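Everything below concerns the one structure shown next.
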């Protein structure tokens with residue numbers, strides 16, 4: 001994977017999301033979503049273009065290269081894994097988990113990410129999802145979150161039933 005700063009990862013992730021939800025990626029939309037200035041977005045786009053992640057000509061269309069799409073997908077996956085751990089396993093409120101997932105994902109090694117993903121799949125019992133799950137599809141990510149939440153609640157209820165009665 002290409003070495004990126006935290007902010008470059010956020011730009012790339014935002015562009016990927018916009019590419020999958022809007023007709024085109026525009027500097028204005030990126031700036032609004034990240035709550036930053038258009039000149040900052042332009043600088044970032046040029047840096048990402050230099051790394052081969054986006055195609056862009058001044059005042060032209062912004063597109064992600066194949067490498068840009070793959071890198072953004074990995075960034076999203078890491079974010080989702082961390083956020084799911086925080087919200088579903090540790091039961092941290094969504095807004096706080098979002099902030100912390102943004103910060104934490106940058107610090108995780110590939111090995112730690114893989115182990116965390118395996119742990120989440122084991123604890124939340126997601127190994128049997130036979131639906132063609134695609135971590136890059138917003139609908140699939142929502143489905144996994146709902147499934148995980150329901151299964152975790154079920155496990156907690158079973159654990160509570162298994163506890164001996166204490167007067």
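Since every read-out is calculated from the coordinates, none of them should be taken as a lab result. Small disclaimer: the values here were computed from a predicted structure and weren't measured. Note that we place each Cβ from the backbone using ideal geometry, even for glycine, and neighbour counts take in every protein chain shown.
Before moving on, here are some points about what is shown:
- Length released on extending from residue 63 to residue 95, taking residue separation times 0.36 nm less the Cα-Cα span: 8.5 nm
- Protection proxy ranking of 99-105, 70-76, by the mean of other Cβ atoms within 10 Å over each peptide's residues and highest first, is 70-76, 99-105.
- In terms of the mean number of neighbouring beta-carbon atoms within 10 Å, the peptides 37-45, 89-97 order highest first as 37-45, 89-97.
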